[in-house]
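In what follows, a single structure is set out as structure tokens and then discussed.
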Amino acid sequence: MTYAYDAYHLRFEMPFECPELAPAPDDGGAPDVRVVYGDVPDSIESDKAGVVYQANPEQFLLKLDGVANYLVDGSEMITIERAPDSDDASVRIFLLGSCLAAVLHHREMLALHASAIYTDEGAVLFMGASGNGKSTTLRAFLDRGYRMLSDDVVAIVLDDDGNPLALPGYPQTKLWADTAEKFEIDTEPLRQVRPNMKKFAVPTHEQFVAQAVPLRALYVLMSVNRDVFDIHQIENTAAFRSVLNQTYRRMFLPGLGMQATHFALATKVAATVPVKRIRRPNAGFTARKLADMIELDLAGRYEAPEEDEDATLAAFVAAQEAAAGAE
């Protein structure tokens, strides 16, 4: 038995249930990506490899002890060889993480480490390294009645006129237990994203937007060891580097041979859409205050304070690159 799902305007056919994704229409449509169980080679030819992955322009190999080995063939087939004692949730989380990233890169999409909300004027993205508050900020906007396009990974393509569009991901957010408590979300009935991890999958079917949406604005979230809240627009090269640094699984690109395509997409997005940096303190629960600031900024009523020395673009870009390199 196989199961059909939609994500990023792609139809996935899988040999197992995947509760994270939205079911595809029962119209007999052909899959864009087939996921199967099978044997996976120990290695592939690769000019670029990491500790757990190898990549070339045709294939991507991911090997995770105790979970599974995955082989991505182009952008149309993913073969999974499970470890004997692996659990379903762990197998899925890496399928929908690194393997999906390889598929999106192969399909010439700009995959950003970001969450996205829908507004009448277009998609608003919250970008940043892990732990900088993408999902938390998204949740604050969902609580205000906004709808979402994606959590954690946003895929961008160009329309026929060369304008960037954000594609819908799937109707789920992920929150740590303490964050869910602050939003008064009961985690008892929720599914943990992995066993022994106090992070929970929060379904968002009723607030999910399933169509592609033009980009409106990109916000790069950054936490600092200071009591500071501010938003500043990033221009020119710094805006481009901000988009580049927020690429999801950017380290895969050289092996996949997608650097030139990715560079062109990042350049187009940075030149077309406002890119802004937003800072918040490391300590405390700040999601609602961030949402207040962003709403004011989207309405054109936010007044940015003068930048201090720690907020210079050079320092900001350096901090982003350090964070991107650590992931």
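Values quoted throughout were computed directly from the atomic coordinates according to the rules given, and no laboratory measurement underlies them. Keep in mind that this is a model prediction, so the values were computed, not measured. Quick reminder, even Gly has a Cβ in these numbers, built from the backbone with ideal geometry, and neighbours come from all protein chains shown.
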Using modelled amide H (1.01 Å from N, peptide plane; none on Pro or chain starts), what sits under 5 Å from the amide H of residue 132, excluding residues fewer than 5 places away?
none
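Among residues other than residue 302 whose Cβ falls under 11 Å from its Cβ, what is the net charge (Lys/Arg +1, Asp/Glu -1)? Write down the numbers at each step before the final one.
Working: positive: 276, 301; negative: 230, 292, 295, 297, 303.
Its environment carries a net charge of -3.
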Return the whole-Å distance between the Cα centroid of region 247-271 and the Cα centroid of region 171-245.
22 Å
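Compute the signed sum of charges (Lys and Arg +1, Asp and Glu -1) over the other residues within less than 14 Å, Cβ to Cβ, of residue 6.
Values: positive: 11; negative: 13, 20, 26, 27, 32.
Residues near residue 6 contribute -4 overall.
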How far is helix 287-298 tilted, in degrees, relative to the longest principal axis of the Cα atoms in the chain, given as a value from 0 to 90 rounded to the nearest 10?
70 degrees
Residue 48: which aspartates and glutamates have alpha carbons under 15 Å from its alpha carbon, excluding same-chain residues fewer than 8 sequence positions away?
58
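Past 19 Å, Cα to Cα: identify those pairs from 134/199; 134/182; 63/198, in the order given. Intermediate values should be presented prior to the final figure.
Details: 134/199 14 Å; 134/182 16 Å; 63/198 24 Å.
With Cα atoms farther than 19 Å apart: 63/198.
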Taking only Cα atoms, what is the 0 to 90° angle, nearest 10, from helix 313-326's long axis to the longest principal axis of the chain?
20 degrees
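Considering all alpha-carbon pairs of region 3-106, what whole percent are spaced by more than 20 angstrom? Show your work: numbers first, answer last.
Details: 1843 of 5356 pairs.
The share of Cα pairs beyond 20 Å in region 3-106 comes to 34 percent.
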Helix 259-272 versus the longest principal axis of the chain: what is the Cα-based angle in degrees, 0 to 90, to the nearest 10?
30 degrees
Quick one: Karplus J couplings for region 137-147, per residue in order, coefficients 6.51, -1.76, 1.60, θ = phi - 60°, nearest Hz, x for Gly and Pro?
5, 4, 4, 4, 6, 4, 5, 9, x, 5, 10
Mind ranking 93-106, 20-33 by how tightly packed they are, going by the mean number of other C-beta atoms within 10 angstrom, highest first?
93-106, 20-33
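What translational diffusion coefficient, to the nearest whole µm²/s, does the chain have by Stokes-Einstein, given a Kirkwood radius computed over alpha-carbon pairs, a temperature of 37 °C and 0.692 mPa s viscosity?
Answer, rounded: 161 µm²/s.
Find out how many positive minus negative residues lie around residue 193, taking Lys and Arg as positive, Asp and Glu as negative, among other residues whose Cβ is under 13 Å from that of residue 193. Numbers along the way, then the final one.
Working: positive: 92, 174, 191, 194, 198, 199; negative: 20, 87, 88, 151, 152.
Net charge around residue 193: +1.
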